[in-house]
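Okay, structure first, notes after.
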Amino acid sequence: MTRSVPAVMITAPASGQGKSMVTAALARLHRNAGRKVRVFKHGPDYLDPMVLEVASGYPVYQLHPWMTGADECRWRLAEAAQDADLILVEGSMGLFDGDPSSADLAKLMGIPALPVIDAGGMAQTFGALVLGLASFDPELPVYDVIANKVGSPRHADMLKEGLPAGIRLLGAIPRNDAMHIPDRHLGLMQPSELGNLDQQLDDAAQVLKDAGLDQLPKAVTIAAAEPAAAPGPLLAGFRIAIACDAAFSFIYRANTELLLAMGAELDYFSPLLDSQLPPADALWLPGGYSELHASTLANNIPMLEAIRAFYQAGKPILAEGGGLMACAEELVDKEGIVYPLLGLIPGRAAIAKRLQGIGLHSLDTQDGQIRGHTFHRSTLETTWQPATLTRKQAGSGAEAVFCNKGLMASFFYSYFPSAPALIAAIFKGEPLTFDNNQENTHA
């Protein structure tokens, strides 16, 4: 049913403006006020949603008209609107960056954009920047703006005085340690690594409350939408073991929910701590930070032997990102230390000095096209030839997909709901025909 709910796209003119922490702090502020807050993330991102889930207390899903599909975006928003008191969508990069951009998603969903702008070192130019963001696309409403890292009350007044007509300064956030979460080469640190995250979010919420940001944004009408057709019991009776710990944590909630909807039984295990695999028909080694835990992985000999035996038995294994790196013979960390790992793939994985791959990708097969992304600062040197390459949505830089026995490994991260039948085929180890007409049996 159609419902009117306060909803806003929290965005920025560029990355690094502080929108992630502002979104998390707003979610915690309104949650502490007794409101049900639903938060979403535009585009592919594993780390921001982890923090946003802690902040809001509810699941966080990706919304992206290309990767997840426009229909799924509408449905997830409509579902949240049924009982939410507030909906926040965190944008990605700058407001108009990417295709589709955060602005495109906001227009699709009919919600306004709320820019967060780092005002440090800026006065009247702040207003010019706001004017540009608000007028660049006449179809995108911008009613308010948030100034971040404001130096003083006088600084806030100068920013407010310079705003264009019709745009309100919703709040001016002072510099405060509570508004900063440390990050590393792939993004924010994980909540499990931040022992005081709950307290920090409460502190950040208070900073926003003191800045006058406890008011609800404008309510918008969210239209009803139908969910995608049920995928059917394509994995009924299949048991999938999923690596899940500090080294393997890049898992979309929608991916595991799809596996469950297809009838799979999911068992989670820790390659860092456990000595054996749970009984399973297929294995998923998702991305994460295997390079930060290479020593622990290399020294857990019983687990390495268990995964090698699983591979030698020809059972399906899907390895993504950090999972791919763990499958290599050797992994070199950022200090240059070499660790022997699984050895399923001949060669060496290593951390590079700069980003090696970023962008939206698809993998085309006879069983359908699965969409997803890549984002890595790692390399793989191997004698294996890829079974196929992914197709980048824009620009160059396809990712290799390696297949052998039951293993399918790549730096490509799949969004499972974009191709349920294909995902079922992968975990069942069924032969796939790629768009390069090469047949491969793999997981």
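Quick note: the coordinates plus some simple rules give every number you see, no bench work behind them. Here the structure is a predicted model, which is why all the values come from computation and not from measurement. Cβ sites come from the backbone with ideal geometry, for glycine too, and all protein chains shown count toward neighbours.
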So between L260 and R239, what do we pick up on full extension, going 0.36 nm a residue minus the alpha carbon distance? 6.5 nm
How long is the gain from A229 to Q366 if the chain were fully straight, where each residue apart is worth 0.36 nm and the alpha carbon distance is subtracted? 47.3 nm
Out of segment 103-186, which trypsin sites (Lys or Arg not before Pro) are coil in DSSP terms and have no more than 14 other C-beta atoms within 10 Å? R175
Work out which GluC sites (Glu not before Pro) in the chain are exposed loop sites (DSSP not H, G, I, E or B, at most 13 other Cβ within 10 Å) and give the longest gap free of them. 140-334
Say each of V338 and M1 gets a label point 7 Å from the Cα, pointing the same way as Cα to Cβ; how far apart are those two points in nm? 6.7
Relative to a virtual label point 7 Å from the Cα of Y58 in the Cα→beta-carbon direction, which members of segment 18-51 show backbone nitrogen distances below 17 Å? 23-42, 49-51
Taking 0.36 nm per residue of separation and subtracting the Cα-Cα distance, what length does fully extending E381 through S275 add? 35.3 nm
State, to one decimal in nm, how far the label point of R175 lies from the label point of D267, with both points 7 Å from Cα in the Cβ direction. 5.3
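With r as the distance between the Cβ atoms of E193 and Q215 and R0 = 35 Å, compute the FRET efficiency 1/(1 + (r/R0)^6) and round to 0.05. The partial results should precede the final answer.
Values: r = 33 Å, r/R0 = 0.94.
Result of the calculation: an efficiency of 0.60.
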Taking the Cβ of P417 as the center, what net charge do the other residues with Cβ under 13 Å away carry, scoring Lys and Arg +1 and Asp and Glu -1? 0
1/(1 + (r/R0)^6) with r = Cβ-Cβ of Q82 and S295, R0 = 51 Å, i.e. FRET efficiency to nearest 0.05, evaluates to 0.60
For peptides 56-63, 233-240, sequence by mean Cβ density within 10 Å, most packed first: 56-63, 233-240
Among K160/K218; K160/K209; K41/K353; K19/K160; K353/K392, the pairs whose Cα-Cα distance exceeds 26 Å are K41/K353
Per the helix-only model, the chain has a calculated mean residue ellipticity at 222 nm (DSSP H runs of ≥4, -39500 (n - 2.57) each, divided over all residues, rounded to the nearest 500) of -8000 deg cm²/dmol
Interchain or sequence-distant (5+) residues whose placed amide H lies within less than 5 Å of the amide H of Y61 are K41
